[in-house]
Amino acid sequence: MFDAAMRKLIDPPLKHMGAGLVRLGVSADGVTLFALFPGALAVWALAAGQYQIALGLILVNRLCDGLDGAVARHSRQTDFGGYLDIVSDFLFYGAIPVGFVLADPTANAVPAAVLLVSFIGTGASFLAFATIAAKRGLATDVRGAKSFYYLGGLAEGTETIAFFVLCCLFPGWFAWFAYGFAMLCAITLCSRVLMARDMFRDRDKGQ
């Protein structure tokens, strides 16, 4: 919901940092792959109950996620780079709840499972729409220059990061946060399905 607005705030500094990394010879794919390390370490920190360290690692991962696109725009955007970016994002989003389960399986296993199901739903609605949009030549740059169509929703990247931050700051409330965010994901899923129905049905009728 807030991704488009956040782009206006974060794009200028990311653009500057991306240009600097290109001058150093850093590739966009290299940044994407590097981001996997703090993401994996964040899971370990969560499992160990080191929530403040985990928070820092999560923020580093998300910074890298923004930087890889900035580096690509200053060098060369590729289809594989977009593919690698989205695969890495979904691995990260799925791994962080696992860290909370490892920290407290009794309290967090069920809410994390519900959360992961909701992530699968929003991810599937996002990627399925992008596939059909590419087939039909649809495009948008509301959330910045992307390799494929980014469909918005109530729960997007900004909201997910805020959710992870809250969980790290108040780990005892993870279950309630997880159920609440899963509900937002369910609303996002339903809204995307309705949007896809309207957009694709109109074009189907025109064919």
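Nothing in this text is a laboratory measurement; each read-out follows from the coordinates by a stated rule. Note that the coordinates shown come from a computational prediction; the quantities given were computed from them, not determined experimentally. Ideal geometry is used to build each Cβ from the backbone, glycine not excepted, and the neighbour counts take in all protein chains shown.
Values as computed for the structure displayed
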read-out: Residue exposure sequence - Val22, Val71 - by fewest surrounding Cβ within 10 Å; value: Val22, Val71
read-out: Cβ-based exposure ranking for Cys185, Cys64, in which fewest neighbours within 10 Å come first; value: Cys64, Cys185
read-out: Whole-number percent relative contact order across region 3-206, with pairs defined as alpha carbons under 8 Å at least 6 apart; value: 24
read-out: Normalised contact order of region 17-93, rounded percent, pairs of Cα under 8 Å and 6 or more residues apart; value: 45
read-out: Debye intensity ratio I(q)/I(0), log10, region 3-206, q values 0.10, 0.14, 0.18 Å⁻¹ (C-alpha model); value: -0.45, -0.87, -1.30
read-out: Fewest-first sequence of Val60, Val110 by Cβ atoms within 10 Å of each Cβ; value: Val110, Val60
